[in-house]
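Worksheet: one structure, shown below.
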């Protein structure tokens with residue numbers, strides 16, 4: 001059996017995964033698209049060595065920031081990890097908020113050959129989204145998620161097929177239990193805001209400054225929330241507080257998109273997190289797992 005823990009940023013997925021790994025003889029597989037890169041630690045909320053509590057973690061720090069690690073690469077690597085963990089009599093526990101990575105690894109998710117690359121940089125957000133709606137009126141992609149809008153258009157322009165139809169494969173390749181952690185919106189947003197403040201205290205600005213000074217602007221650098229938002233501060237184009245506010249805003253928006261994606265794409269068993277006593281959440285999840 002594969003245990004899968006999903007949910008928005010800042011809701012406690014890492015903490016739960018460690019506790020479940022101890023109880024169910026598990027090893028954890030990262031399913032966050034940014035934590036595969038070395039050197040991107042604070043903004044990506046990468047699990048620390050002390051937080052791991054001796055639990056084996058896979059697919060963390062496996063790439064350089066200049067590498068182009070794709071969902072296809074993750075699909076291959078994650079399935080290899082799952083098979084290896086199961087073969088050793090242990091429980092694979094996949095944890096992360098990158099829904100497409102989870103879907104590609106666990107479902108019969110086929111990749112079509114895309115032999116063309118399209119540049120949409122000269123098209124405004126509104127026009128780009130209108131183009132997507134013209135080919136896929138029922139798309140679940142949010143207008144502000146430009147990266148996904150471009151991905152959907154590129155897929156259609158290259159293959160003549162809708163990305164949404166490909167992503168709705170419901171044939172699971174493994175025996176899985178999908179566990180989602182949730183909380184009410186105001187509480188989640190407050191936790192996200194405070195989490196960003198903690199990141200700043202932990203050295204986010206220093207980490208982001210080193211990245212800025214490196215001159216690297218690869219996908220790995222420009223995708224996570226927390227680095228690029230500080231670049232205008234380093235170039236004296238924006239004040240510090242405004243940049244931090246933008247990180248918080250984008251993190252909250254991302255959490256909202258994560259909820260939408262998981263609810264549309266997977267059959268998730270949601271658990272409301274008790275932040276005052278996380279053990280209660282852990283026990284609720286264990287009770288669910290034990291009867292399956």
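I need every pair where a residue in region 198-212 that is within 17 Å of residue 248 (Cα to Cα) has its Cβ under 7 Å from the Cβ of a residue that is assigned to a helix (DSSP H, G or I), sequence separation at least 6 or different chains. Listed pairs, sorted by first residue: 200/244; 205/230; 208/230.
Scanning region 215-230 for residues that are outside any helix (DSSP H, G or I) and either in contact (Cβ under 8 Å) with a residue 40 or more places away in the chain or within 17 Å of residue 34 (Cα to Cα) (or both) yields 216, 217, 218, 223, 224, 225, 226, 227.
Residue 253: within 17 Å of the chain's Cα centre (by Cα), in contact (Cβ under 8 Å) with a residue 12 or more places away in the chain and either closer than 20 Å to residue 182 by Cβ or not in a loop (DSSP other than H, G, I, E, B) (or both), yes or no? So residue 253 fits the description; yes. Looking at region 266-292, which of its residues are buried (at least 17 other Cβ atoms within 10 Å of the Cβ) and in contact with a helix residue (DSSP H, G or I) (Cβ under 6 Å, 6 or more places away or on another chain)? Of everything in region 266-292, those that are buried (at least 17 other Cβ atoms within 10 Å of the Cβ) and in contact with a helix residue (DSSP H, G or I) (Cβ under 6 Å, 6 or more places away or on another chain) turn out to be 268, 271, 273, 282.
Among the residues of region 129-153, those that are over 19 Å from the mean Cα position of the chain (by Cα) and assigned to a loop (DSSP other than H, G, I, E, B) comprise 136, 137, 138, 139. The set of residues in region 256-285 being under 20 Å from residue 97 (Cα atoms) and assigned to a loop (DSSP other than H, G, I, E, B) consists of 266, 267, 268, 273, 274, 275.
Of the conditions (1) over 22 Å from the mean Cα position of the chain (by Cα); (2) closer than 30 Å to residue 87 by Cβ, residue 235 fails just one. Which one is it? That leaves (2) as the condition not met.
Only one of (1) within 29 Å of residue 228 (Cβ to Cβ); (2) in a loop (DSSP other than H, G, I, E, B) fails for residue 110. Which number is that? All conditions are met except number (1). Any residue in region 60-78 that is buried (at least 21 other Cβ atoms within 10 Å of the Cβ) and within 30 Å of residue 201 (Cα to Cα)? No, region 60-78 has no match at all. What do you reckon, is residue 226 within 30 Å of residue 91 (Cβ to Cβ), surrounded by 19 or more Cβ atoms within 10 Å (Cβ to Cβ) and under 15 Å from the mean Cα position of the chain (by Cα)? So residue 226 fails the test.
Checking each residue in region 261-292 for being in contact (Cβ under 8 Å) with a residue 24 or more places away in the chain, within 16 Å of residue 184 (Cβ to Cβ) and under 18 Å from the mean Cα position of the chain (by Cα) picks out only 270. Count of region 113-143 residues, restricted to those that are under 19 Å from residue 263 (Cβ atoms) and modelled with pLDDT of 85 or more, is 5.
The values are calculated or read from the model by the stated rules, or taken from the named source; none is laboratory data. Values in this document were obtained by computation on a predicted structure and should not be read as measured data. Neighbour counts are summed over all protein chains in view; Cβ atoms, including those assigned to glycine, are modelled from backbone coordinates with ideal geometry.
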